[in-house]
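We did not get these values from a lab; they are worked out from the coordinates using the rules stated. Predicted model, so just to flag it, every value in this text is computed and none were measured. When we count neighbours, we look across all protein chains shown, and the Cβ atoms used for this are built from the backbone with ideal geometry, even at glycine.
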Amino acid sequence: MNGRKFARQKGDRFEREVVQKGGDMGLKAYSNFLIRSPNNNDAADVVVAGHKMQVKKEASGFRRIFHWLEGVDGLVLGANRKESGSGYQV
């Protein structure tokens, strides 16, 4: 199995896990997998309680991001060399 196929399968499994956990919490949750296509601009991997979400899993476990989240209520991400006001994510 090549690396790209393995990574895609790993991502698909994690999306299903997120949808399952949302459902277990009583939230309407579904994968956007069948909706995603080259002709669809919806970048959301899953939708949980009406919120479109990207779902990512990484070998390092995003250690740096979890460190930044310690003791705060949220995290705002911005991209270097982007126009002011663009590239923000909360």
When the Karplus curve 6.51 cos²θ - 1.76 cosθ + 1.60 is applied with θ = phi - 60°, which whole-Hz ³J(HN,Hα) does each residue of segment 66-71 get, with x for Gly and Pro?
4, 5, 5, 7, 5, x
Going by amide H atoms built from the backbone, whose H comes under 5 Å of the H on VAL55, apart from near neighbours?
ASP45, VAL46
Descending packing, highest mean Cβ count within 10 Å first, for 46-55, 20-29, 66-75, 2-11 is 46-55, 20-29, 2-11, 66-75
